[in-house]
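Report on one structure; see the data block that follows.
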Amino acid sequence: ASAAASLITLGSGGSSGREGPVVHLAAVIATKVNDLIDARGITARDLLGCAVAAAVSASFNAPIAGALFALEVVLRHFAVHAFAPIVIASAAGTVINRLQFGGVTEFTLERQGVLSFYVELPAFLILGLVCGAVAVILMRAIFWVDDTAERWRARWNIPPWLRPAAAGAILGVIALGFPQIIGVGYETTSLALTGKMLAHEAVVLAAVKVAAVAITMGGRMGGGVFSPSLMVGSLAGLAFGLIATSVFPDVSGSETLYALAGMGAVAAAVLGAPISTTLIVFELTGDWQTGLAVMVAVSTSTALASRLVDRSFFLTQLERRKVHLSKGPQAYLLCMFRVANVMRPPDHARAVPTDDVWEALEAGIFIDPNATLETAMPMFQDTARMWLPVVRIGDSGEAPKILGTLHHVDALQRYNKALAATAAEEHS
């Protein structure tokens, strides 16, 4: 259903990207395969990484970036056991792409960028900061439109299906004046990378594209954010380059090099994937001679953007859903264990006496069995207790039912085992 929604959105001119849906579809297929072969744990996650690597490689014709994207963004570690299968899957995806499309690069640069080394590098540091700010504006605009649209829908009881319809209508009106915002936007990105645009045109198109993407995503239409971030980044980089090269013509290279660096800088900040995004830019363009400029811009943009959002667009989405993946395993592992699965039942050999449990309950100290250790651990600290009653509260007038007790030592043991298993996987 998600793939179909993205297909309809992109086919009818929605302002989003194709790569996000491709990665999501690959992950869904991997999950189904894992269910069929009953794969769990490390094996299941490695197969998920293989599927994503193959999808990215087939979509971009970028085998190196596909493999590193799966490790950097999906698995979030570079364990040796995952490297070989993911690289093989990435190579397979690239072979399929080249059999179908001939192995051409997505963008063709008419002239190679010439970088005045050392003297011009500070300009790319500044470009990175600008692109980091642009990426944050893009991400926050999407979330703001999404929240605003949800409030309006709830207030006026608007049917859910009308939300993407209204977003599509608004996009159509915008496209009457700015047809470049329609679809993935690679044509406009190519114009920016070849310098066939004026500075004010690039600025205006970048601003309109941000609004269009926010409306598309906030309107719950399909698609991803990677391709839009490439377009916005190339436009922002071109505008910056045109200004920089006009102010300092004697020490500046080509303005298209700034467009290339800006494309990578915004995309890396949005994805939170500086390594794989840098390689994707190289493999999309085939220009390996300007790596230093792109790396400098990408590093500063991701450093800035990661401080203003929760690491990336996707991790911020998860944080908004109370999934704390951006804070590392020490945070999200607590959410994986329900109190009911860790507590001691009343008939446990070392159960707390019933009178003591009722005394704590009368003092207002208890926890729901469906809560997670994320809720329980602060309660242990705040109450300075070694155990908490686990109680199911009934309807009005119905007495609470004591299901057992959650002990601090049991919670810590379960948490420590999960941390150790995670560390073992990431370093295996």
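Bear in mind that the values in this text are calculations on the coordinates, not laboratory data. This one's a predicted model, so the numbers in the text were calculated from it and none came from an experiment. FYI the Cβ positions are ideal-geometry reconstructions off the backbone, even for glycines, and counts take in every protein chain you see.
Kindly provide the helix-only [θ] at 222 nm of the chain, computed as the sum of -39,500 (n - 2.57) over DSSP H runs of four or more divided by all residues, to the nearest 500 deg cm²/dmol?
It comes out at -21500 deg cm²/dmol, rounded to the nearest 500.
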(Q) Is the C-alpha gyration tensor of region 102-233 telling us rounded, prolate or oblate? Criteria: a/c under 1.5 is rounded; beyond that, a/b larger than b/c is prolate, otherwise oblate. (A) prolate
**Q.** Range of Cα positions in region 188-258 per principal axis (Å), largest first
**A.** 48, 17, 16
Q) Cα centroids of region 176-213 and region 40-92: how far apart, whole angstrom? A) 32
Q.
Can you match log10 I(q)/I(0) by the Debye sum over Cα atoms at q = 0.09, 0.13 Å⁻¹ to one of these, (1) -0.60, -1.26; (2) -0.57, -1.14; (3) -0.67, -1.13, based on a calculation from the structure here?
A. (3)
Q: Report the dimensions of region 1-63 along its three principal axes from the alpha-carbon atoms, largest first, rounded to Å.
A: 39, 27, 12
Q: Can you pull a Stokes-Einstein diffusion coefficient for region 234-375 at 37 °C (0.692 mPa s), Rh from Kirkwood over Cα pairs, as a whole number of µm²/s?
A: 171
Q. So what's the net charge close to P159: Lys and Arg +1, Asp and Glu -1, counting the other residues with Cβ under 13 Å from its Cβ?
A. +3
Q: Please give the peptides 374-387, 147-160, 46-59, 13-26 ranked by average Cβ packing (other Cβ atoms within 10 Å per residue), highest first, as a rough proxy for protection.
A: 46-59, 13-26, 374-387, 147-160
Q | Cα gyration tensor shape of region 2-105, rounded if a/c is under 1.5, else prolate or oblate by comparing a/b with b/c | A | oblate
Q. Between L373, L230, L304, which gets the highest mean-square fluctuation from a Gaussian network model of the chain, Cα cutoff 10 Å?
A. L373
Q | Candidate aspartates and glutamates - alpha carbon under 16 Å from K32, same-chain residues fewer than 8 apart omitted | A | D46
(Q) Only four residue types carry charge here, +1 at the Cβ of Lys and Arg and -1 at the Cβ of Asp and Glu. Report the dipole size of the chain about the Cα centre in Debye, rounded to the nearest 20. (A) 460
Q. Given the options V28, V173, V225, which has the most mean-square fluctuation in a GNM of the chain, springs set between C-alpha atoms less than 10 angstrom apart?
A. V173
Q. Over region 293-373, what per residue volume does the convex hull of the Cα atoms give, in whole Å³?
A. 127
Q | Estimated D of region 225-294 in µm² per second, where Rh is the Kirkwood radius over Cα pairs and Stokes-Einstein applies at 37 °C, 0.692 mPa s | A | 274
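Please state, as a whole number in µm²/s, the translational diffusion coefficient that the Stokes-Einstein equation yields for region 343-428 at 4 °C and 1.567 mPa s, with Rh defined as the Kirkwood radius across alpha carbon pairs.
Here the translational diffusion coefficient equals 92 µm²/s.
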Q) Once the principal axes of the Cα atoms of region 121-320 are found, what is the range along each, listed largest first in whole angstroms? A) 60, 36, 28
